[in-house]
Amino acid sequence: MNYKKNKLNLDKSYWEELYNSNRTGWDIGYISTPIKEYIDQLDNIDLHILIPGAGNSYEAEYLHKKGFKNVDVIDIATQPLNNFKKRVPSFPKTNLIQKNFFSHQKKYDLIIEQTFFSSLHPTHREKYVHKMHDLLSQKGKLVGIFFDVQFSKEGPPYGGSLNEYLLLFSSFFTIRVLDKCYNSIKPRFGRELFFIFEKK
């Protein structure tokens, strides 16, 4: 299949093909340090948490091992969810959701962003902002990492900049944190921003 022609959709078949052919260069094989350290300071294990475009979702695995009870994982592809089931058999199967993120309907206290935003074509970014706002409860938080770099090759991943993120999110979220990430993993050091956005 010629995925170049399908970049705007980046649909289920596109991602399934990447997983099936093991072309998953974004997958570092463990939870990234910035996300881990953020989770480590959470003390309410009853939070309703969503991890969208989760892939193999080491974040959900880490939350589960720490006793968080209400974690949903969404991915458009089936393969990473099957990988997760094998790796974390005690995780509730009903919380592993195979669907298009933009059709999901529920409310969350916290949404964790790890490489999902950068996987979407830039023309879908405003839609992403609106959907995140819709899925969060009052004062809910969107937390995670954005790339702070423009890639030389056509994505995904697609890059961005601090000013772009401010313009995108400021109308719908209070920007609590949006800073250079000091604890990125080595291959991404200097190319990431850590953020905490609170729903207005």
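For Asp148, the residues whose modelled amide H falls within less than 5 Å of its own, excluding neighbours fewer than 5 places apart on the same chain, are Glu192, Leu193. Each residue, Asp46 and Asn183, gets one label point 7 Å from its Cα in the Cβ direction; the gap between the two is 2.7 nm. Checking the cross-link pairs Lys106/Lys139; Lys36/Lys66; Lys66/Lys186 against a 22 Å limit on the alpha carbon distance flags Lys66/Lys186 as lying beyond it. If you take all other residues with their beta carbon under 11 Å from the beta carbon of Ile97, and give Lys and Arg +1 and Asp and Glu -1, the sum is +1. Each residue of region 119-127 was assigned a 3J(HN,Hα) from its phi angle through the Karplus expression (A = 6.51, B = -1.76, C = 1.60, θ = phi - 60°), giving 7, 8, 4, x, 5, 9, 5, 5, 4 Hz with x at Gly and Pro. Our estimate of slack between Gln98 and Lys65, defined as 0.36 nm per intervening residue step minus the Cα-Cα distance, is 9.7 nm. Our coupling estimate for region 48-55, obtained by passing each phi through the Karplus curve with A = 6.51, B = -1.76, C = 1.60 and θ = phi - 60°, is 8, 10, 10, 10, x, x, 6, x Hz, Gly and Pro reported as x.
Take every pair of alpha-carbon atoms less than 8 Å apart whose residues are at least six positions apart; their mean separation over the length of region 79-200 yields a relative contact order of 25 percent.
Near Leu136, the amide H atoms lying under 5 Å from its own belong to Tyr108; only residues 5 or more places off or on other chains count, and H is placed 1.01 Å from N. Taking amide hydrogens as placed 1.01 Å from N in the peptide plane, the amide H of Phe173 sits under 5 Å from those of Lys200, each at least 5 positions away in sequence or on another chain. Separation of region 184-200 and region 75-130 by C-alpha centroid, Å? Between the Cα centre of region 184-200 and that of region 75-130, the gap is 19 Å.
At an R0 of 25 angstrom, the distance between the Cβ atoms of His130 and Arg87 translates into a FRET efficiency of 0.15.
Each residue of region 86-92 is assigned a 3J(HN,Hα), and the resulting list reads 5, 6, 10, x, 7, 6, x Hz, derived from the Karplus form 6.51 cos²θ - 1.76 cosθ + 1.60 (θ = phi - 60°), x at Gly and Pro.
Since every read-out is calculated from the coordinates, none of them should be taken as a lab result. Quick caveat: nothing in here was measured; it's all calculated off a predicted structure. Cβ atoms come from the backbone with ideal geometry, glycine included; neighbour counts cover every protein chain shown.
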